[in-house]
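A quick write-up on the structure given underneath.
The values are calculated or read from the model by the stated rules, or taken from the named source; none is laboratory data. Everything numeric in this text was worked out from a predicted model, so none of it was measured. Cβ coordinates were reconstructed from backbone atoms using ideal geometry, including for glycine residues, and neighbour counts include every protein chain displayed. For the accessible areas, the whole protein counts, side chains as well, though only heavy atoms, and no ligand, DNA or RNA atoms are used. Shrake-Rupley method; radii C 1.70, N 1.55, O 1.52, S 1.80 Å.
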Amino acid sequence: MQKIDWSKVTESTGVSGNNRPPVGGYVLEIADTKENESKEYFEISWDYKEGQYAGHNMKNFNERGWRLPRYFASYKLTAQGLLLHFMLALEKSNRDFDKERWNDLPCDKKAPALNGLVFGAVIGEEEYPARDGKIKIRQYIADTIATADIRAGKLKVPALKKLKGNSSNTPAPAAENPATNAPVETGVEECPF
C-alpha cells in the first residue's frame, strides 16, 4: 500500500448515500419502463423520489455504473390482480394518471407512459442464495401503495422473508449490493466489481 496523505482524505463512516437505504416506506419515481411481451410483464426501473435518499439509485448508476433497481409488473392472466393493485397505487399517486386511459393506449405507448410517474413502495428484505453459495439478504418491493399513505406512515414493513428450507436462527449476513437489482424469480446479478 502506498503512503496516504491523511490531510487530503475526508472521513467516511460508510453510512453515506452509497449504502442502501433501510427497509421502510418510500415515494419512488419510475425512471424507465420496458415491456417484455413474450413473458407478459413490464420491467420498471425506479429511483427514490423524496427524502434523504432522493436520487440515490441514479447517483449509483452515474458514479458506479450500477443498474437501477427494477420492479416487475406482470400482466399474465394469473397476475392481473397484482397489476390492478399497482395501477391503483399509480392512480392515487398521480393526478393525471388514469388506468383506463392508459389501458386504451396503443401497445407501444403503454410502457413509456409510465415513465416519470410516482408511487409508494414498502421495501422489505429477503434471503437469497448468492452465487458464492452463501445466503445473503436483498431488498425488494413488498407492496405498492399510494404516496399519501407513505407520507402518512400508513404502512407495515414485513419481517425478513427467510429462504425456504433455511430455519437458521442466526441472522443472514448483510447484503453487499445497494437495493435490489433483479426480480425475485431470477435472483440477483452480482455487481461486476
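Contact map, region 61-83: first residue closer than 13 Å to ALA31 by Cβ, second residue in a helix (DSSP H, G or I) and not polar (S, T, N, Q), Cβ cut-off under 8 Å, separation 6 or more or different chains; pairs are ARG67/PHE61; LEU68/MET58; LEU68/PHE61.
The set of residues in region 143-166 that are among the hydrophobic types (A, V, I, L, M, F, W, C) and more than 18 Å from TYR26 (Cα to Cα) contains only LEU163. Selection over region 89-130 of residues that are farther than 14 Å from THR147 by Cβ, outside any helix (DSSP H, G or I) and touching a Ser or Thr at 6+ places or on another chain (Cβ under 8 Å) gives a count of 1.
For the structure I just gave you, tell me whether ASN166 is modelled with pLDDT of 55 or more, of a type in the set (S, T, N, Q) and in a loop (DSSP other than H, G, I, E, B). Criteria met by ASN166.
Only a single criterion out of (1) in a strand (DSSP E or B); (2) open to solvent by 50 Å² or more (accessible area, probe 1.4 Å) is not satisfied by SER38, namely (1).
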